[in-house]
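*Asks:* Let me begin by handing over the structure; questions about it come next.
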Amino acid sequence: MNPRLQDQYTNEILPALSKKLGRTNRLSLPRLEKIVVNMGVGAAVGEKKYLEEAVDALRLIAGQQPVVTVARKSIAGFRLREGMSIGCKVTLRGRRMYEFLDRLISLALPRVRDFRGLNPNAFDGRGNYSLGLSEQLVFPELNPDKYSRTQGMNITMVTTNDSNEEALEMLRGFGMPFRSREQDTKN
């Protein structure tokens, strides 16, 4: 059985995008290619257990084993040497990607304190959307007693098209809670 958002994309979002954009070829329409979740653990330079906690948390959130990322160059001011482990990331595709997106939209984002919607201007100019969470404990899979240190994460949604507007329409179809443009000009 397919994840709920994957069925929604096939049955509702694709036909709506096709009609709105005036294209009949399904392959020319935007689709979600992958979601990359990244945790940078700067405190891992001094204390290795922080990185182990972050890897464990990301494993529970994403449902697959994260890759430990290493520093590419040395920075003396941060006491960082080339090759040191400083974070972890996971790339989600297919079924796990849709399940993660569903949990992000329906469970995690509503639990963010003082949440007023996602910034619709956080696209990179190539149709990819990035957002940051300041705390990993918004995901219900994590036990707050086990993770004493709050750790943020970056989430990047990579799409197959180059247009920010088309990607925004697709993500709105999934139910991403974007702020309206009027709300953006007030703040």
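Readers should treat all values here as calculations from the given coordinates under stated rules, not as data from a laboratory. Just so it is clear, the structure is predicted and the values come from calculations on it, not from any experiment. Note: ideal-geometry Cβ built from the backbone for every residue, glycine included; neighbour counts use all protein chains shown.
*Asks:* Going by how many other Cβ atoms sit within 10 Å of their own, how do THR159, THR10, THR69 line up, fewest first?
*Replies:* Working: THR159 22, THR10 13, THR69 16.
Fewest-to-most Cβ neighbours within 10 Å comes out as THR10, THR69, THR159.
*Asks:* Using Cβ contacts closer than 10 Å as the measure, can you line up ILE61, ILE86 from fewest to most?
*Replies:* Values: ILE61 23, ILE86 20.
Ordered by Cβ neighbours within 10 Å, fewest first: ILE86, ILE61.
*Asks:* Projected onto the charge dipole of the chain (+1 at Lys/Arg Cβ, -1 at Asp/Glu Cβ, origin at the Cα centre), which of TYR147, SER134, ILE86 gives the Cα projection farthest towards the positive end?
*Replies:* Of TYR147, SER134, ILE86, it is ILE86.
*Asks:* What value in Å³ per residue do you get for the convex hull of the alpha-carbon atoms in segment 95-175? Let's see the in-between values first.
*Replies:* On the way: hull volume 7.9 nm³, N = 81.
Each residue corresponds to 97 Å³ of Cα convex hull volume.
*Asks:* State to the nearest 20 debye the size of the charge dipole of the chain about its Cα centre, where the only charges are +1 on K and R beta carbons and -1 on D and E beta carbons.
*Replies:* Working: 29 positive and 21 negative charges, 47 e Å.
Using only the charged Cβ atoms, the result is roughly 220 debye.
*Asks:* Tell me which GluC sites (Glu not before Pro) from segment 20-73 have a DSSP coil assignment and no more than 14 other beta carbons within 10 Å of their own. Could you put the intermediate results ahead of the total?
*Replies:* Numbers: sites: GLU33, GLU47, GLU52, GLU53; in loops: GLU47.
In loop regions of segment 20-73 (DSSP not H, G, I, E or B), the sparsely surrounded GluC sites (Glu not before Pro) are GLU47.
*Asks:* Can you tell which of MET176, MET97, MET84 shows the greatest fluctuation in a Gaussian network model of the chain with Cα springs below 10 Å?
*Replies:* Taking springs between Cα atoms under 10 Å, the residue moving most is MET84.
*Asks:* Once you have the Cα-Cα distance between LYS49 and MET1, take 0.36 nm times their residue separation minus that, and quote the gain in nm to one decimal. Before the final figure, lay out each step's value.
*Replies:* On the way: separation 48, 0.36 × 48 = 17.28 nm, distance 3.82 nm.
So the extension gain works out to 13.5 nm.
*Asks:* Within segment 132-157, name every residue whose backbone N is under 17 Å away from a label modeled 7 Å from Cα of THR69 along the Cβ vector.
*Replies:* Backbone N within reach: 132-136, 151-157.
*Asks:* With contacts defined as alpha carbon pairs under 8 Å and 6 or more residues apart, what's the relative contact order of segment 4-177 in percent? Walk me through the numbers before you get to the answer.
*Replies:* Details: 281 pairs, mean separation 51.7, N = 174.
Rounded, it is 30 percent for segment 4-177.
*Asks:* Okay, moving on. Putting +1 on Lys and Arg Cβ atoms and -1 on Asp and Glu Cβ atoms, find which of PRO30, GLY42, ALA16 reaches farthest to the positive end of the dipole of segment 1-68.
*Replies:* ALA16
*Asks:* Counting other C-beta atoms within 10 Å, which of PHE100, PHE174, PHE115 has the fewest, and how do the rest follow? Spell out each step's value before the answer.
*Replies:* Details: PHE100 23, PHE174 18, PHE115 12.
Fewest to most other Cβ atoms nearby, the residues stand as PHE115, PHE174, PHE100.
*Asks:* Still on this structure, I have one more. Under 28 Å Cα to Cα from LYS73, which lysines show up? Leave out anything in the same chain fewer than 8 places away.
*Replies:* LYS34, LYS48, LYS49, LYS89
*Asks:* Please work out how much length the chain gains when fully extended from ASN143 to PHE115, using 0.36 nm per residue of separation minus the C-alpha to C-alpha distance, in nm with one decimal. All intermediate terms of the calculation are to be shown ahead of the outcome.
*Replies:* Numbers: separation 28, 0.36 × 28 = 10.08 nm, distance 2.16 nm.
The ASN143-PHE115 span can extend by a further 7.9 nm.
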